[in-house]
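The values are calculated or read from the model by the stated rules, or taken from the named source; none is laboratory data. On a predicted model such as this, the values are computed, not experimentally measured, just so you know. Here Cβ is always computed from backbone atoms with ideal geometry, including for glycine, and neighbour counts include all displayed protein chains. Quick note on the areas: whole protein, heavy atoms, side chains included, nothing else; ligands and nucleic acids left out. Shrake-Rupley method; radii C 1.70, N 1.55, O 1.52, S 1.80 Å.
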Amino acid sequence: MTSADEAPHVLKLPAVLDLPAASRLHEQVLTLQEKNIAVDASEVSRVGAQCIQVLLSAAESWRRAGRAFSVNQSSETFARTLQLLGVTDESVVPMEII
Amino acid sequence: MDMNEIKEIFFQECEEQLAELESGLLALNDGDTDIETVNAVFRAVHSIKGGAGAFGLDDLVGFAHVFETTLDCVRSQTLEPTQDVLKVMLRSADVLADLTAAAREGGSVEAERTAVLAKELEALAKGEALPAAPVAAAPAAAAPPPVVASAEPVSEPTDESGFQPVPFSFDDFSDEEGDVSAPVETTGSESYSNKFTVRFKPRSDLYANGNETVLLLRDLAKLGEMRVRCETDGLPAIDKLDPEGAYLAWLIEISTNSAEDEIRSVFEFAEWDCQLEVTAGEPGVEMPETAAVEEPEDAPMAVVPFDLSLLDDEPAAAEAAAPAETDIAQVTAASGEPADAGQPAPELPAATAAIAANAEKQKAAAVAAVPAAPQTIRVDLDRVDRLINLVGELVINQAMLAQSVVENETGGASAINLGLDELQQLTREIQDSVMAIRAQPVKPVFQRMSRIVREIADMTGKTVRLVTEGENTEVDKTVIDKLAEPLTHMIRNAVDHGLETPEKREAIGKSREGVLRLSAKHRSGRIVIEIADDGAGINRERVRQKAIDNGLITAEQNLPDEEIDNLIFHPGFSTAEKLSDISGRGVGMDVVKRSIQSLGGRINITSTPGKGSIFTMSLPLTLAVLDGMVVTVAGQTLVVPLTAIVETLQPEKQDIHSFGSNQRLIAIRDTFCPLVDVGHILRFRPHYADPVEGVALLVESEGGGQRALMVDAIQGQRQVVIKSLEANYTSVPGIAAATILGDGRVALILDVDSVVAASRGQSMRGEMSLAAAG
């Protein structure tokens, strides 16, 4: 069992997070269930609501499991889209905007 | 969502509506009295008006409104659709098409013509209206002058589906052309007059159908200032989540100067795939701080490549699109409807129920309005082209594979050979299916021609009836797109030069009305389009004289009728003594011929003095593949289109006859046929080859007559993928295109007609190289 202190696995998001990407992202997240996750969204140039949905669900699930989940790096597009969609979940809203 | 894209969809729909309008009016003109036809005509104009209103195209809205009002009188049977009435309406349909085109491509429409027609339409509506006329006819009298954009709301006749066009200003989009009449404030909440609460819960269908919440909210944000709350209550844990499901809901508070309708129209394309509630006032729950309004425009979200349009009913596209629809259905089914996932926020349970009921109603209304239209999807042509290209590569690849199997000799009926055969069949089927996606009926082009005929008939004072046949004949879209121009020119020509004036016709015992027959049919793998008029026919004496004057032929040359007729296709040839406004626009029949040829087509004319002329165009059904015979000529591999070949034969020495300096004939059964040495005519070799050592391909050229093409040997017969020589290299005389063979080598595809033409004599050879130079 991983504790919240262990070094997180960096989940690098692809540039395009559209509808087809949601399934891939979902699968990828499922394989990381035992790990802490630090999301790198710095390359994201396009993101749709369904990928955000996967991230939100993951963030909540990780919280419940007592593991760390955060977005450490983010592109401006990613941050703005979250803002536009009114997403306020602290685990998904980027810690810093690069 | 990109505004230009929505607008483009609107214009595409306009095209369909205009076609519907015209075919409806023509049907009425031919005596159709079905009320459904009248309704269809009315709906077409009504839809154009509705859409145009949304985009602030005032001229279009104004004219469509008057037109619609008059049509409504016909619908309510207060105005009888007599020939005179329909004449005005057909011309109005033309103006409506012009106004649409002007709105699409910029430019303007003759305001006077529009105004005059609008007056005529108004007069029709008013003049025929009985005192006890139904209310629907009343707006005509009260309507403001149509071409002047009016700020006052005009009363809207509605169609039976209850559809009301929604006025929606997109003026605040910076990338829109046109004046910004009412700039929308985007900052400072004090300046907004309205406040709305929007509850929006997408269903998974919304995403499956190519819509996207991010885009919708972005568009909404452009209407004013908004605060957004994302509701995640229904979101399952990650291991229970369907990544393509839709669990999130949004609560949006927006301060805006727009009306509720305008808020709703943001969701217009998604309304059937979501629950939507728009209410005046604040949401009554705590909202986050102001959301970002600006989104970087340089990183647009997935553009919506297609939308499931219930109105589109082209059967060909429907057939072709069927598999894609199945896919979407599967995706939707697989993702499941998260019916219980998005629990309504506790504070508004009744309202949510209302939304659901409303959504159901909308869905029901939609179904009722469009009863049995087959489902189609709009697909970006580029995507189809890419697919066709890939399939082309697949065909080549398959041929290469087959070849290497042959070379490595796996022996007889091995599993590999069997598999290869199946692969070949499959490839062929895939290719046919892909081609079918691009195939479209020629109907739209033919319909456009009826307008051309009307216009020229008006200008020349001739009475012309256009009869069309086989308008459902299908052909590749590229061919269709390029067909309109030469066809237009030929139609103009036929009416202007071919048909006589009514007086003259009467004097020679013909009916006053000239008949122009436009027909399309499939013939041996090609589409044949004929334009036949019952006019005077070609004046061969004048054509001949002109050709002599222009130095195209010598006075001594005695040409058969067929060749005289074909002289009109010669560059620079024009018999019109004075260039008329109509057909003499500096474009000769040679240009028509050239554009047909560039499509891999042929054109031919037959004319009977006093009875009329028939122009026959024969075009390939597709520009992508070809069944060909692979032959060897002077060490080169060439492909001869199979459609041109009548038979192949092995010449015997006694069948070959020489005459003149270097002409040779071959006796085939009881006729003689000129022998053309392909290797010599293409300058592959300086001398003539011995016919006995080669094979003769008997070909039929479009100009009539047969020729025996001499090649060295036949390699086989196969389907080849056409690669344009013009696009990849440069045009070569006598060569139509190129292809890549199974072994990876490039082979040239023979242009049979130009080779035959070249064999006819010096002048045609000149034309051939001219065509190559151009």
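Couple of notes before you dig in:
- Per-region count, the range A:61-84, residues in contact with a helix residue (DSSP H, G or I) (Cβ under 8 Å, 6 or more places away or on another chain), within 8 Å of chain B (Cβ to nearest Cβ) and either open to solvent by 10 Å² or more (accessible area, probe 1.4 Å) or part of a loop (DSSP other than H, G, I, E, B) (or both): 1
- Number of the exception - B:Ala136 against (1) farther than 28 Å from B:Ile6 by Cβ; (2) at pLDDT 80 or above: (2)
- Any hit, the range B:458-473, residues being part of a helix (DSSP H, G or I) and under 17 Å from the mean Cα position of the chain (by Cα): no
- Any chance B:Phe55 is modelled with pLDDT under 85 and aromatic (Phe, Trp, Tyr): yes
- Looking only at the range B:208-232, and only at residues there that are of a type in the set (Lys, Arg) and open to solvent by 20 Å² or more (accessible area, probe 1.4 Å), the one that is farthest from the other protein chains (Cβ to nearest Cβ): B:Lys222
- Residue that is modelled with the highest pLDDT, among those in the range B:204-222 that are part of a loop (DSSP other than H, G, I, E, B) and closer than 20 Å to B:Arg378 by Cα: B:Glu212
- Residue count for the range B:526-569, restricted to those that are in a helix (DSSP H, G or I), open to solvent by less than 20 Å² (accessible area, probe 1.4 Å) and over 30 Å from B:Lys443 (Cα atoms): 4
- Restricting B:Val464, B:Val434, B:Val453 to residues that are surrounded by 19 or more Cβ atoms within 10 Å (Cβ to Cβ) and farther than 30 Å from B:Glu506 by Cβ narrows the list to B:Val434.
- Test: residue in the range A:11-22 that is out of contact with any helix residue (DSSP H, G or I) (no Cβ under 9 Å at 6 or more places or on another chain), within 11 Å of chain B (Cβ to nearest Cβ) and open to solvent by less than 10 Å² (accessible area, probe 1.4 Å): no
- When restricted to residues that are within 11 Å of chain A (Cβ to nearest Cβ), assigned to a loop (DSSP other than H, G, I, E, B) and open to solvent by less than 40 Å² (accessible area, probe 1.4 Å), the range B:233-264 contains 11.
- Unique match (being part of a loop (DSSP other than H, G, I, E, B), within 14 Å of the chain's Cα centre (by Cα), touching a residue at least 12 places away in the same chain (Cβ under 8 Å) and at the interface with chain B (Cβ under 7 Å from one of its Cβ atoms)) among A:Val87, A:Val44: A:Val87
- When B:Phe615 is tested against (1) modelled with pLDDT of 90 or more; (2) under 23 Å from B:Val720 (Cα atoms); (3) buried (at least 18 other Cβ atoms within 10 Å of the Cβ), just one condition goes unmet, and that condition is (2).
- Complete set of residues in the range B:719-739 that are in contact with a Ser or Thr (Cβ under 7 Å, 6 or more places away or on another chain) and within 20 Å of B:Arg594 (Cβ to Cβ): B:Ile722, B:Leu725, B:Pro733, B:Gly734, B:Ala737
- Boolean, B:Lys593 is under 28 Å from the mean Cα position of the chain (by Cα) and modelled with pLDDT of 80 or more: yes
- Of all residues in the range B:409-428, none satisfies being assigned to a loop (DSSP other than H, G, I, E, B) and in the same structural domain as B:Ala484 (by the TED database).
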